[in-house]
There are 2 protein chains.
Amino acid sequence: MDIDPIFPLGIKNEAYKQYFIGDSYLSILSKDIGLLSFNVTFEPGCRNNWHVHHKGGQVLFCTAGFGWYQEEGKPPRLLKPGDVVEIPAGTNHWHGATKDSWFSHIAINVPAKDGTVEWKEPVTDEEYAKLKE
Amino acid sequence: MDIDPIFPLGIKNEAYKQYFIGDSYLSILSKDIGLLSFNVTFEPGCRNNWHVHHKGGQVLFCTAGFGWYQEEGKPPRLLKPGDVVEIPAGTNHWHGATKDSWFSHIAINVPAKDGTVEWKEPVTDEEYAKLKE
């Protein structure tokens, strides 16, 4: 790994493996006082499937490496350390590393009663290969 | 400044100056989808006054430099990059930089209806001088 993820790397993300292309690592950073947050680290080329947060959105705080964020129907956004992404509830989107870089972000779930995540189709190799840094 | 705060430094924190000893810098990182978060950067020796978050607590994500967190009646905790602090609502506490280091953390307010902050007395030079790294 050629980045310092700053926050704990955690364990290989087997729990959500079915919703990712490539390997990622996950650690829970907070959960005790009503704010659920994770550190997510993606290997180069790794990205999650298109997905929607229902009821409560999610905020990403990019801490290391380079990545992508894309909302359905919008151009992809190249992410670098210090970038913040506010993902509204109900927005179909995906995020992950660039093809050549590891990428870490903190992900914070906006608290919401009965919030859920709806996982959709993968970002295909063809779609991903079109991304231009 | 001998650290990279990673997230935007923002402006000199004049708005809350009365509740700090020393200079700090503040930028708002998110506010649009129900999660209010800030980047706070403290110059060496800078700390905020004792204070209490009512209704909703706060979570700190330490990103650069070294700092302190202390809850009333508990030993001070030395903070480094990658540390996370969950501050429950109703807990009297303070945070800030060590005497020799700049310090940056993201601070996220746990959303709560009618949440408030109650600011109290400063951490005196005498109390602060007793801290041992």
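Take B:LYS74, push a point 7 Å out from Cα through the beta-carbon direction, and compare it with the same point in every other copy: 3.7 nm, smallest first. For B:PRO88, the point set 7 Å out from Cα toward Cβ sits 3.6 nm from its twins in the other copies, listed from shortest up. Temperature 4 °C, viscosity 1.567 mPa s: under these conditions the Stokes-Einstein estimate for chain B, based on its Kirkwood radius over C-alpha pairs, is 88 µm² per second. Rolling a 1.4 Å probe across all protein chains gives A:THR124 an accessible area of roughly 60 Å². Loop-resident GluC sites (Glu not before Pro) (DSSP state other than H, G, I, E or B) in segment B:53-91 with no more than 16 further Cβ atoms inside 10 Å of their Cβ: B:GLU72. The residues packed around A:ILE28, meaning those with a beta-carbon under 15 Å from its beta-carbon, carry a net charge of -2 if Lys and Arg are +1 and Asp and Glu are -1.
The aspartates and glutamates whose alpha-carbon is closer than 16 Å to the alpha-carbon of A:LYS130, local same-chain residues fewer than 8 away aside, are A:GLU71, A:GLU72, A:ASP100. Under the combined filter of DSSP loop state and at most 16 neighbouring Cβ atoms within 10 Å, segment B:1-86 retains these trypsin sites (Lys or Arg not before Pro): B:LYS31, B:LYS55. Position B:LYS17: other-copy label points at 5.7 nm, ordered by increasing distance, label point 7 Å along Cα→C-beta.
Taking the accessible area of the protein assembly as shown, probe 1.4 Å, and keeping the other protein chains in place, the carbon and sulfur fraction comes to 53%. Other residues within the sphere of radius under 12 Å centred on the Cβ of A:ILE3, judged by their own Cβ, net out at -3 (K and R +1, D and E -1).
Once you reduce segment B:6-44 and segment A:14-31 to the center of their Cα atoms, the two points are 31 Å from each other. Surface exposure of segment A:14-66, expressed per residue as accessible area with a 1.4 Å probe, stands at 37 Å².
Cross-link reach is defined here as a Cα-Cα straight distance under 18 Å, omitting same-chain residues fewer than 8 places apart; for B:LYS80 the lysines meeting it are B:LYS99, B:LYS132. Using a probe of 1.4 Å on the protein chains alone, the accessible area found for B:SER37 is around 0 Å².
The helix-based estimate of mean residue ellipticity at 222 nm for chain A, built from -39,500 (n - 2.57) per DSSP H run of four or more residues and divided by its residue count, is -500 deg cm²/dmol to the nearest 500.
Candidate cross-link partners of B:LYS55 among the aspartates and glutamates, defined by an alpha-carbon separation under 15 Å and a same-chain spacing of 8 or more, comprise A:ASP32, B:GLU86, B:ASP114, B:GLU118. Only protein heavy atoms count here, probed at 1.4 Å, and on that basis chains A and B bury about 2000 Å² of accessible area in total.
The values are calculated or read from the model by the stated rules, or taken from the named source; none is laboratory data. Owing to the predicted nature of the structure, the values given are computational and were not obtained by experimental measurement. Neighbour counts are summed over all protein chains in view; Cβ atoms, including those assigned to glycine, are modelled from backbone coordinates with ideal geometry. Accessible surface areas use protein heavy atoms only, side chains included; no ligands, DNA or RNA. Shrake-Rupley method; radii C 1.70, N 1.55, O 1.52, S 1.80 Å.
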